[in-house]
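Quick notes on the structure that follows.
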Amino acid sequence: TERKRKEKMRDDPQFEKARQKAFRLLARRAQSKKELKDKLADRGFEKAAVDGVIKMFTEQGYLNDETFARDWARHLARNRHYGNRRIEMSLAGKGIAKELIARAITEARGEIEEREGLRKVLQKKLKGRKPGGLDRAEKRRLAQSLALRGYAWPLIIEALGKKQEGLFDDIE
């Protein structure tokens with residue numbers, strides 16, 4: 001019966017068009033199941049065809065939310081220098097389950113700690129200035145910018161205010 005179902009789907013022109021579109025979307029960049037499903041539905045494909053493509057691609061290994069979450073979290077942490085909250089929001093928006101998000105962030109932080117990402121952002125934004133040399137308004141704008149990047153307030157305050165253990169002393 002499963003074999004007959006697959007043969008019936010392959011004979012469906014709607015399914016075949018959805019399958020081809022899904023391949024093109026995945027060729028551009030990896031997608032979560034929810035993202036791909038939404039994109040196919042937005043392009044007018046029938047629910048049965050979309051569900052069939054998602055199921056087929058999952059079985060064939062083209063779609064794997066755990067791998068996607070791990071790679072996306074690593075990208076955001078290493079290349080964009082986002083904080084954990086921003087990474088979490090991004091993955092949640094892509095339909096990734098909470099437990100997968102937590103594992104992905106933990107794994108990404110094994111490569112680059114959140115403090116290190118914050119330090120790199122500060123180096124770029126400060127352009128050679130010291131955080132202590134900023135006036136109150138500049139500190140507030142910088143703190144808001146860091147919060148929007150997903151860094152937690154205690155970490156931001158530590159970096160811009162009273163520094164503990166000299167963690168951010170090397171910022172130039």
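The values are calculated or read from the model by the stated rules, or taken from the named source; none is laboratory data. Keep in mind the model is a prediction, meaning the values are calculated, not measured. All Cβ positions, even for glycine, are placed from backbone atoms using ideal geometry, and neighbour counts span all protein chains on display. When the accessible area is computed, the model is the full protein with side chains, heavy atoms only, and any ligands, DNA or RNA have been set aside. Shrake-Rupley method; radii C 1.70, N 1.55, O 1.52, S 1.80 Å.
When the chain is treated as a GNM, springs tying every alpha-carbon pair under 10 Å, which of L142, L134, L76 comes out with the largest mean-square fluctuation?
L134
Which pairs in the list K17/K55; K37/K98; K37/K120; K47/K94; K39/K120; K17/K98 are over 27 Å apart, alpha-carbon to alpha-carbon?
Numbers: K17/K55 15 Å; K37/K98 19 Å; K37/K120 36 Å; K47/K94 19 Å; K39/K120 34 Å; K17/K98 32 Å.
Pairs exceeding the cut-off: K37/K120; K39/K120; K17/K98.
Efficiency by 1/(1 + (r/R0)^6): what FRET value for R43 and L134, r their Cβ-Cβ distance, R0 = 35 Å, to the nearest 0.05? Before the final figure, lay out the partial values.
Values: r = 48 Å, r/R0 = 1.37.
The pair R43/L134 has a calculated efficiency of 0.15.
With a 1.4 Å probe and every protein chain left in place, tell me how much accessible area D42 has, in Å² to the nearest 10.
Rounded to the nearest 10, that gives 130 Å².
Does anyone have the angle between helix 65-78 and the longest principal axis of the chain? Alpha-carbon axes, 0 to 90°, nearest 10?
Once rounded, one gets 30 degrees.
Using the Cα centre as the reference, give the magnitude of the dipole from point charges on the C-beta atoms of the chain (Lys, Arg: +1; Asp, Glu: -1; all else neutral), rounded to the nearest 20 debye.
Working: 44 positive and 28 negative charges, 117 e Å.
Its charge dipole is roughly 560 debye.
Given a 1.4 Å probe and every protein chain left where it sits, what share in percent of the accessible area of the chain is carbon and sulfur? Mind dumping the intermediate values first?
Details: 5140 of 10550 Å².
Carbon and sulfur: 49 percent of the exposed surface of the chain.
As an exercise, take the mean of 1/r over every pair of distinct alpha carbons in the chain, invert it, and state the Kirkwood radius in angstroms. Write out the running numbers ahead of the final one.
Working: mean 1/r = 0.0540 Å⁻¹.
Its Kirkwood hydrodynamic radius stands at 18.5 Å.
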